[in-house]
Amino acid sequence: MRLPYLSFLLPLSGPSAPVGAGAFLPTSASRGAFRRSPLSASAFDDEDLLTLLRTIRPSGVPRDAWNPPAADTSPAAPATDTLMIDAALGRPVPRTPVWLFRQAGRHLPEYTAYKAERSKNFLELLADPEDVAECTLQPVRRYDVDAAILFSDILVIPEALGLEVTMPGGVGILVPSPLTDPEDAAARVPTVEAGEAKAFVEAKLRHVTDAVRTIRSKMAEEGHTVPLIGFSAAPYTLLYYMVGGSSKKNNDIGMRWLTEHKEESLRLMDTLTTVVVQYLKSQIEAGAQLIQIFEAMGMMIDEPNFYEFAMPCMERIAKELKEAYPEVPVMAFARGASFANSALSHHYDVVTLDGSADRGSARDVVEGRAGLQGNYDPRLLIDDGENTRETVRESVRDMLEAFGPQRLIANLGEGLGGKESTDLVEAFVEAVHGESERAIAEAKI
(Lines give C-alpha, C1' and ligand atoms only; values in the text may rest on other atoms or scores of the structure.)
Protein backbone atom coordinates (compact mmCIF):
# COMPACT_ATOMS: atom_id res chain seq x y z
CA MET A 1 0.00 0.00 0.00
CA ARG A 2 1.30 3.44 -0.90
CA LEU A 3 -0.32 6.51 0.59
CA PRO A 4 -0.67 9.36 -1.95
CA TYR A 5 0.50 12.03 0.49
CA LEU A 6 3.83 10.35 1.10
CA SER A 7 5.83 12.31 -1.44
CA PHE A 8 9.08 13.60 -0.12
CA LEU A 9 12.70 14.09 -1.00
CA LEU A 10 14.90 11.09 -1.67
CA PRO A 11 18.51 10.89 -2.88
CA LEU A 12 19.00 10.20 -6.56
CA SER A 13 22.76 10.45 -6.72
CA GLY A 14 25.81 11.15 -4.63
CA PRO A 15 27.28 9.19 -1.75
CA SER A 16 24.97 6.53 -0.36
CA ALA A 17 27.24 4.65 2.00
CA PRO A 18 25.53 3.10 5.02
CA VAL A 19 25.14 5.53 7.88
CA GLY A 20 27.05 4.41 10.92
CA ALA A 21 27.04 5.80 14.42
CA GLY A 22 28.42 9.29 14.31
CA ALA A 23 28.96 9.20 10.55
CA PHE A 24 28.36 12.37 8.55
CA LEU A 25 27.77 13.19 4.89
CA PRO A 26 29.03 16.61 3.77
CA THR A 27 26.08 18.63 2.61
CA SER A 28 27.99 19.91 -0.38
CA ALA A 29 28.03 16.37 -1.72
CA SER A 30 24.30 15.94 -1.51
CA ARG A 31 22.70 19.37 -1.90
CA GLY A 32 20.80 19.55 -5.16
CA ALA A 33 20.70 15.76 -5.57
CA PHE A 34 17.13 15.38 -4.39
CA ARG A 35 13.74 15.46 -6.04
CA ARG A 36 10.15 14.93 -4.94
CA SER A 37 9.51 11.23 -5.16
CA PRO A 38 7.20 8.67 -3.57
CA LEU A 39 8.98 6.39 -1.16
CA SER A 40 9.52 2.95 -2.61
CA ALA A 41 11.28 -0.18 -1.48
CA SER A 42 14.14 0.63 -3.83
CA ALA A 43 14.77 4.08 -2.36
CA PHE A 44 17.50 2.65 -0.16
CA ASP A 45 18.70 -0.91 0.13
CA ASP A 46 18.17 -3.31 3.01
CA GLU A 47 21.73 -2.95 4.26
CA ASP A 48 21.30 0.81 4.57
CA LEU A 49 18.04 0.29 6.44
CA LEU A 50 19.56 -2.27 8.78
CA THR A 51 22.42 0.07 9.54
CA LEU A 52 20.01 2.90 10.27
CA LEU A 53 17.98 0.72 12.59
CA ARG A 54 21.12 -0.33 14.48
CA THR A 55 22.19 3.26 15.10
CA ILE A 56 18.81 4.86 15.87
CA ARG A 57 16.94 3.96 19.01
CA PRO A 58 13.64 2.24 18.13
CA SER A 59 10.45 4.17 18.84
CA GLY A 60 8.97 3.30 22.21
CA VAL A 61 12.18 1.87 23.61
CA PRO A 62 13.27 3.86 26.70
CA ARG A 63 16.78 5.20 26.58
CA ASP A 64 17.74 3.26 29.68
CA ALA A 65 16.63 0.04 27.99
CA TRP A 66 18.46 0.63 24.71
CA ASN A 67 21.97 -0.64 24.09
CA PRO A 68 23.38 1.40 21.22
CA PRO A 69 26.74 0.68 19.58
CA ALA A 70 29.70 1.45 21.79
CA ALA A 71 30.52 5.13 21.53
CA ASP A 72 33.16 7.63 22.47
CA THR A 73 31.89 9.44 25.56
CA SER A 74 34.22 12.45 25.45
CA PRO A 75 32.47 15.85 25.32
CA ALA A 76 33.11 16.32 21.58
CA ALA A 77 32.17 12.75 20.59
CA PRO A 78 29.59 12.33 17.82
CA ALA A 79 26.03 11.43 18.75
CA THR A 80 25.22 7.74 18.51
CA ASP A 81 21.52 8.45 17.95
CA THR A 82 21.85 10.04 14.52
CA LEU A 83 18.17 10.42 13.59
CA MET A 84 18.18 14.24 13.75
CA ILE A 85 21.44 14.61 11.87
CA ASP A 86 20.37 12.13 9.21
CA ALA A 87 17.08 13.95 8.62
CA ALA A 88 18.81 17.34 8.53
CA LEU A 89 21.28 16.12 5.92
CA GLY A 90 18.58 14.56 3.75
CA ARG A 91 19.20 10.91 4.48
CA PRO A 92 16.26 8.48 4.71
CA VAL A 93 15.15 7.81 8.27
CA PRO A 94 12.84 5.20 9.83
CA ARG A 95 10.78 7.91 11.56
CA THR A 96 10.59 11.70 11.69
CA PRO A 97 12.73 13.31 14.41
CA VAL A 98 11.20 15.86 16.76
CA TRP A 99 12.28 18.55 19.22
CA LEU A 100 10.61 21.77 20.33
CA PHE A 101 11.58 25.43 20.44
CA ARG A 102 11.93 26.37 24.13
CA GLN A 103 11.59 22.73 25.13
CA ALA A 104 13.64 23.63 28.21
CA GLY A 105 12.25 26.19 30.62
CA ARG A 106 9.06 27.52 32.02
CA HIS A 107 6.49 24.95 30.87
CA LEU A 108 8.34 22.29 32.92
CA PRO A 109 7.51 22.02 36.64
CA GLU A 110 11.02 20.73 37.31
CA TYR A 111 12.45 23.92 35.81
CA THR A 112 10.31 26.10 38.09
CA ALA A 113 11.34 24.01 41.08
CA TYR A 114 15.02 24.12 40.12
CA LYS A 115 14.99 27.89 39.64
CA ALA A 116 13.39 28.31 43.06
CA GLU A 117 15.87 25.93 44.63
CA ARG A 118 18.78 27.87 43.14
CA SER A 119 17.19 31.27 44.00
CA LYS A 120 18.19 32.57 40.59
CA ASN A 121 16.41 34.29 37.74
CA PHE A 122 16.80 33.25 34.11
CA LEU A 123 19.84 35.42 33.38
CA GLU A 124 21.57 34.25 36.56
CA LEU A 125 21.07 30.63 35.53
CA LEU A 126 22.71 31.34 32.18
CA ALA A 127 25.91 32.49 33.87
CA ASP A 128 26.58 29.08 35.47
CA PRO A 129 27.47 26.13 33.16
CA GLU A 130 26.16 23.65 35.73
CA ASP A 131 22.77 25.37 35.81
CA VAL A 132 22.69 25.56 32.02
CA ALA A 133 23.44 21.85 31.75
CA GLU A 134 20.69 20.94 34.22
CA CYS A 135 18.09 23.04 32.42
CA THR A 136 19.19 21.73 29.00
CA LEU A 137 18.79 18.13 30.10
CA GLN A 138 15.43 18.41 31.87
CA PRO A 139 13.30 17.99 28.70
CA VAL A 140 15.61 15.24 27.42
CA ARG A 141 14.95 13.28 30.60
CA ARG A 142 11.19 13.87 30.45
CA TYR A 143 10.43 13.53 26.73
CA ASP A 144 11.60 11.22 23.96
CA VAL A 145 12.92 14.18 21.95
CA ASP A 146 15.59 13.58 19.34
CA ALA A 147 17.88 16.45 20.31
CA ALA A 148 18.88 18.63 23.22
CA ILE A 149 19.24 22.36 22.65
CA LEU A 150 21.56 24.62 24.57
CA PHE A 151 19.68 26.50 27.30
CA SER A 152 20.65 30.08 26.58
CA ASP A 153 19.31 33.34 25.17
CA ILE A 154 19.76 35.30 21.97
CA LEU A 155 20.91 38.45 23.81
CA VAL A 156 24.17 37.04 25.15
CA ILE A 157 25.95 38.62 22.18
CA PRO A 158 24.77 42.22 22.79
CA GLU A 159 25.73 41.70 26.42
CA ALA A 160 29.18 40.50 25.36
CA LEU A 161 29.53 43.63 23.23
CA GLY A 162 28.99 45.81 26.28
CA LEU A 163 25.26 46.51 26.37
CA GLU A 164 23.41 45.91 29.61
CA VAL A 165 20.77 43.17 29.45
CA THR A 166 18.16 42.84 32.21
CA MET A 167 15.12 40.76 33.06
CA PRO A 168 12.87 42.83 35.32
CA GLY A 169 10.03 40.31 35.24
CA GLY A 170 6.77 40.26 33.34
CA VAL A 171 8.10 42.08 30.28
CA GLY A 172 10.74 39.72 28.95
CA ILE A 173 14.42 40.42 28.50
CA LEU A 174 15.36 44.05 27.90
CA VAL A 175 18.24 46.19 26.75
CA PRO A 176 17.37 49.09 29.08
CA SER A 177 19.77 51.58 27.46
CA PRO A 178 19.57 50.91 23.72
CA LEU A 179 21.78 52.65 21.19
CA THR A 180 20.41 56.10 20.43
CA ASP A 181 22.32 57.18 17.32
CA PRO A 182 25.45 56.36 15.27
CA GLU A 183 27.70 58.34 17.60
CA ASP A 184 26.40 56.41 20.59
CA ALA A 185 26.89 53.11 18.74
CA ALA A 186 30.46 54.01 17.75
CA ALA A 187 31.28 54.89 21.36
CA ARG A 188 29.68 51.87 23.01
CA VAL A 189 29.99 48.96 20.55
CA PRO A 190 33.47 47.88 19.47
CA THR A 191 34.22 46.78 15.93
CA VAL A 192 35.32 43.14 16.05
CA GLU A 193 37.42 42.05 13.08
CA ALA A 194 37.62 38.43 11.95
CA GLY A 195 41.12 38.04 13.34
CA GLU A 196 39.96 39.22 16.76
CA ALA A 197 36.74 37.21 16.94
CA LYS A 198 38.09 34.03 18.51
CA ALA A 199 39.78 35.91 21.34
CA PHE A 200 36.65 38.03 21.81
CA VAL A 201 34.38 34.99 22.12
CA GLU A 202 36.83 33.26 24.43
CA ALA A 203 36.95 36.32 26.69
CA LYS A 204 33.29 37.34 26.66
CA LEU A 205 31.32 34.16 25.97
CA ARG A 206 33.44 31.49 27.60
CA HIS A 207 30.62 30.66 30.03
CA VAL A 208 28.49 29.52 27.08
CA THR A 209 31.13 27.28 25.52
CA ASP A 210 31.95 25.90 28.97
CA ALA A 211 28.25 25.11 29.32
CA VAL A 212 28.29 23.22 26.01
CA ARG A 213 31.19 21.09 27.25
CA THR A 214 29.43 20.49 30.56
CA ILE A 215 26.22 19.47 28.79
CA ARG A 216 28.02 16.97 26.57
CA SER A 217 29.84 15.46 29.56
CA LYS A 218 26.62 15.14 31.55
CA MET A 219 24.79 13.67 28.57
CA ALA A 220 27.45 10.99 28.34
CA GLU A 221 27.29 10.35 32.09
CA GLU A 222 23.51 9.96 31.98
CA GLY A 223 23.50 7.88 28.80
CA HIS A 224 21.75 10.42 26.54
CA THR A 225 22.77 9.66 22.97
CA VAL A 226 20.88 12.37 21.07
CA PRO A 227 22.80 15.29 19.54
CA LEU A 228 23.12 18.77 21.03
CA ILE A 229 21.94 21.83 19.10
CA GLY A 230 23.83 25.10 19.44
CA PHE A 231 22.26 28.38 18.37
CA SER A 232 22.45 32.10 17.91
CA ALA A 233 20.19 34.91 16.85
CA ALA A 234 20.83 36.31 13.39
CA PRO A 235 22.43 39.76 13.11
CA TYR A 236 19.30 41.76 12.24
CA THR A 237 17.46 40.38 15.27
CA LEU A 238 20.41 41.37 17.46
CA LEU A 239 20.52 44.85 15.91
CA TYR A 240 16.78 45.20 16.50
CA TYR A 241 17.17 44.65 20.24
CA MET A 242 20.33 46.75 20.48
CA VAL A 243 18.61 49.82 19.03
CA GLY A 244 15.06 49.18 20.24
CA GLY A 245 15.62 47.62 23.64
CA SER A 246 12.61 45.29 23.57
CA SER A 247 10.46 43.12 21.32
CA LYS A 248 7.32 44.74 22.72
CA LYS A 249 7.85 48.41 21.83
CA ASN A 250 9.66 50.62 19.31
CA ASN A 251 8.70 48.09 16.65
CA ASP A 252 9.72 50.34 13.78
CA ILE A 253 13.11 51.35 15.12
CA GLY A 254 15.11 48.55 13.51
CA MET A 255 13.91 49.52 10.05
CA ARG A 256 14.47 53.22 10.79
CA TRP A 257 18.08 52.51 11.72
CA LEU A 258 18.65 50.63 8.48
CA THR A 259 17.27 53.45 6.37
CA GLU A 260 18.35 56.52 8.37
CA HIS A 261 21.74 55.26 9.60
CA LYS A 262 22.74 52.91 6.81
CA GLU A 263 26.52 53.20 7.21
CA GLU A 264 26.48 52.59 10.96
CA SER A 265 23.91 49.81 10.54
CA LEU A 266 26.20 48.05 8.08
CA ARG A 267 29.13 48.39 10.50
CA LEU A 268 27.08 46.93 13.34
CA MET A 269 25.72 44.12 11.17
CA ASP A 270 29.23 43.25 9.99
CA THR A 271 30.54 43.10 13.57
CA LEU A 272 27.53 41.07 14.68
CA THR A 273 27.99 38.62 11.80
CA THR A 274 31.68 38.19 12.62
CA VAL A 275 30.89 37.50 16.26
CA VAL A 276 27.97 35.16 15.47
CA VAL A 277 30.12 33.06 13.12
CA GLN A 278 32.88 32.65 15.69
CA TYR A 279 30.40 32.11 18.52
CA LEU A 280 28.83 29.23 16.61
CA LYS A 281 32.21 27.81 15.61
CA SER A 282 33.20 27.84 19.26
CA GLN A 283 29.99 26.03 20.19
CA ILE A 284 30.77 23.36 17.60
CA GLU A 285 34.33 23.03 18.85
CA ALA A 286 32.94 22.61 22.38
CA GLY A 287 30.57 19.82 21.28
CA ALA A 288 27.45 21.19 19.54
CA GLN A 289 26.44 18.90 16.66
CA LEU A 290 23.77 20.93 14.86
CA ILE A 291 23.31 24.70 14.60
CA GLN A 292 20.09 26.73 14.58
CA ILE A 293 20.02 30.38 13.44
CA PHE A 294 17.05 32.43 14.67
CA GLU A 295 16.01 35.51 12.72
CA ALA A 296 13.43 35.93 15.47
CA MET A 297 12.38 39.45 14.49
CA GLY A 298 11.91 38.77 10.79
CA MET A 299 8.41 40.21 11.02
CA MET A 300 9.95 43.59 11.86
CA ILE A 301 11.72 44.10 8.54
CA ASP A 302 10.17 44.39 5.09
CA GLU A 303 11.22 42.24 2.16
CA PRO A 304 13.47 44.72 0.31
CA ASN A 305 15.41 45.59 3.47
CA PHE A 306 15.60 41.94 4.48
CA TYR A 307 17.35 41.09 1.23
CA GLU A 308 19.62 44.15 1.41
CA PHE A 309 20.66 43.90 5.05
CA ALA A 310 19.67 40.62 6.71
CA MET A 311 20.12 38.03 3.97
CA PRO A 312 23.79 38.78 3.22
CA CYS A 313 24.58 38.18 6.89
CA MET A 314 22.68 34.90 6.96
CA GLU A 315 24.38 33.78 3.76
CA ARG A 316 27.79 34.58 5.21
CA ILE A 317 27.05 32.69 8.44
CA ALA A 318 26.02 29.55 6.54
CA LYS A 319 28.94 29.79 4.10
CA GLU A 320 31.60 30.19 6.77
CA LEU A 321 30.17 27.47 9.01
CA LYS A 322 29.85 24.97 6.16
CA GLU A 323 33.37 25.73 4.94
CA ALA A 324 34.74 25.03 8.41
CA TYR A 325 32.38 22.19 9.42
CA PRO A 326 30.70 20.69 6.34
CA GLU A 327 29.41 17.74 8.39
CA VAL A 328 27.44 19.91 10.86
CA PRO A 329 23.85 20.64 9.77
CA VAL A 330 22.86 24.31 9.82
CA MET A 331 19.19 25.27 10.20
CA ALA A 332 17.58 28.67 9.62
CA PHE A 333 14.38 30.21 11.00
CA ALA A 334 13.23 33.54 9.57
CA ARG A 335 10.20 33.98 11.81
CA GLY A 336 7.60 36.22 10.21
CA ALA A 337 9.60 36.38 6.97
CA SER A 338 8.47 33.29 5.06
CA PHE A 339 9.21 35.14 1.82
CA ALA A 340 12.89 34.42 2.53
CA ASN A 341 12.55 30.64 2.76
CA SER A 342 13.39 30.00 -0.89
CA ALA A 343 16.56 32.09 -0.70
CA LEU A 344 17.58 30.49 2.60
CA SER A 345 17.22 27.02 1.09
CA HIS A 346 20.20 27.76 -1.17
CA HIS A 347 22.47 28.06 1.89
CA TYR A 348 20.98 26.09 4.80
CA ASP A 349 20.42 22.37 5.26
CA VAL A 350 17.04 22.94 6.91
CA VAL A 351 14.54 25.79 6.56
CA THR A 352 12.17 26.31 9.47
CA LEU A 353 8.56 27.26 8.87
CA ASP A 354 6.58 29.52 11.17
CA GLY A 355 2.86 29.18 11.74
CA SER A 356 1.99 31.40 8.80
CA ALA A 357 3.81 29.30 6.20
CA ASP A 358 1.66 27.41 3.71
CA ARG A 359 2.21 23.70 4.22
CA GLY A 360 0.90 22.82 0.79
CA SER A 361 3.57 24.78 -1.07
CA ALA A 362 6.46 24.46 1.42
CA ARG A 363 8.26 21.68 -0.48
CA ASP A 364 7.90 23.55 -3.76
CA VAL A 365 9.40 26.68 -2.19
CA VAL A 366 12.66 24.96 -1.21
CA GLU A 367 12.68 22.82 -4.39
CA GLY A 368 14.62 19.96 -2.85
CA ARG A 369 17.55 22.14 -1.82
CA ALA A 370 16.81 21.87 1.92
CA GLY A 371 14.77 19.93 4.42
CA LEU A 372 11.88 21.42 6.38
CA GLN A 373 11.34 22.03 10.07
CA GLY A 374 8.21 23.12 11.91
CA ASN A 375 5.41 24.29 11.99
CA TYR A 376 3.07 22.78 14.59
CA ASP A 377 0.86 25.24 16.49
CA PRO A 378 1.91 25.28 20.18
CA ARG A 379 -1.59 26.43 21.15
CA LEU A 380 -2.72 22.87 20.44
CA LEU A 381 -0.57 21.77 23.38
CA ILE A 382 -2.41 23.89 25.95
CA ASP A 383 -4.87 21.97 28.12
CA ASP A 384 -7.89 24.18 27.48
CA GLY A 385 -10.56 21.51 27.82
CA GLU A 386 -10.66 20.87 24.07
CA ASN A 387 -7.11 19.72 23.32
CA THR A 388 -6.51 16.06 24.13
CA ARG A 389 -3.90 13.44 23.34
CA GLU A 390 -6.14 12.27 20.49
CA THR A 391 -6.58 15.76 18.99
CA VAL A 392 -2.81 16.17 19.16
CA ARG A 393 -2.32 12.89 17.31
CA GLU A 394 -4.84 13.92 14.65
CA SER A 395 -3.17 17.29 14.11
CA VAL A 396 0.25 15.63 13.92
CA ARG A 397 -1.13 13.26 11.31
CA ASP A 398 -2.34 16.26 9.30
CA MET A 399 1.10 17.87 9.51
CA LEU A 400 2.86 14.72 8.33
CA GLU A 401 0.34 14.30 5.54
CA ALA A 402 1.11 17.82 4.32
CA PHE A 403 4.91 17.63 4.54
CA GLY A 404 5.68 13.92 4.22
CA PRO A 405 7.72 12.22 6.97
CA GLN A 406 11.13 12.28 5.27
CA ARG A 407 13.56 15.18 5.22
CA LEU A 408 11.43 16.71 7.92
CA ILE A 409 12.17 17.72 11.51
CA ALA A 410 8.92 18.07 13.45
CA ASN A 411 8.88 21.19 15.58
CA LEU A 412 6.73 24.21 16.37
CA GLY A 413 5.93 27.36 14.43
CA GLU A 414 7.05 29.35 17.48
CA GLY A 415 8.42 28.54 20.92
CA LEU A 416 6.57 27.08 23.85
CA GLY A 417 5.09 29.94 25.87
CA GLY A 418 4.89 28.31 29.28
CA LYS A 419 1.19 27.40 29.46
CA GLU A 420 1.52 24.11 27.60
CA SER A 421 0.61 20.79 29.22
CA THR A 422 3.53 18.42 29.68
CA ASP A 423 1.12 15.57 28.94
CA LEU A 424 0.18 17.07 25.59
CA VAL A 425 3.79 17.88 24.75
CA GLU A 426 4.58 14.23 25.44
CA ALA A 427 1.63 13.23 23.24
CA PHE A 428 3.03 15.42 20.44
CA VAL A 429 6.45 13.76 20.58
CA GLU A 430 4.96 10.28 20.71
CA ALA A 431 2.55 11.02 17.85
CA VAL A 432 5.33 12.30 15.59
CA HIS A 433 7.34 9.14 16.13
CA GLY A 434 4.43 6.74 15.90
CA GLU A 435 2.58 8.27 12.96
CA SER A 436 5.71 8.86 10.88
CA GLU A 437 7.04 5.37 11.53
CA ARG A 438 3.71 3.89 10.46
CA ALA A 439 3.55 6.06 7.32
CA ILE A 440 7.08 5.17 6.26
CA ALA A 441 6.49 1.46 6.87
CA GLU A 442 3.20 1.50 4.93
CA ALA A 443 4.82 3.28 2.01
CA LYS A 444 7.29 0.40 1.63
CA ILE A 445 4.60 -2.28 1.36
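The values are calculated or read from the model by the stated rules, or taken from the named source; none is laboratory data. Just so it is clear, the structure is predicted and the values come from calculations on it, not from any experiment. All Cβ positions, even for glycine, are placed from backbone atoms using ideal geometry, and neighbour counts span all protein chains on display. SASA here: full protein model, heavy atoms, side chains in, ligands and nucleic acids out. Shrake-Rupley method; radii C 1.70, N 1.55, O 1.52, S 1.80 Å.
So if we plug the beta-carbon distance of ARG359 and ASP128 into 1/(1 + (r/R0)^6) with R0 = 35 Å, what FRET efficiency do we get, rounded to 0.05?
Calculated value: 0.30.
The label point for ASP210 and the one for GLU394, both projected 7 Å from the Cα toward the Cβ, are 5.1 nm apart. Within straight-line reach of LYS204, meaning a Cα separation under 30 Å, sit the following lysines at least 8 residues removed in sequence or on another chain: LYS115, LYS120, LYS218, LYS248, LYS249, LYS262, LYS281, LYS319, LYS322. Measuring nothing but how far apart in sequence close Cα pairs (under 8 Å, 6+ apart) lie, relative to its length, segment 241-400 scores a relative contact order of 17 percent. Can you compute the FRET efficiency between MET299 and ALA441 using 1/(1 + (r/R0)^6), with r the Cβ-Cβ distance and R0 = 30 Å? Round to the nearest 0.05. That gives a FRET efficiency of 0.15. For PHE339 and LYS120, a Förster radius of 41 Å and the Cβ-Cβ distance give a FRET efficiency of 0.55, rounded to the nearest 0.05. Treating each Cα of segment 179-251 as an identical point scatterer and summing with the Debye formula, the log10 of I(q)/I(0) at q = 0.13 Å⁻¹ comes to -0.62.
Taking every protein chain into account, the 1.4 Å probe leaves ARG393 with about 70 Å² of accessible area, to the nearest ten. Counting only protein heavy atoms and using a 1.4 Å probe, the accessible area of GLU183 comes to about 130 Å².
Note on segment 147-255: with neighbouring protein chains present and a 1.4 Å probe, carbon and sulfur make up 50 percent of its accessible heavy-atom surface. In segment 287-425, the convex hull through the Cα atoms has an average projected area of 9.3 nm², a quarter of its surface area. The listed residues THR112, THR209, once ranked by accessible area (1.4 Å probe) with the largest placed first, stand as THR112, THR209.
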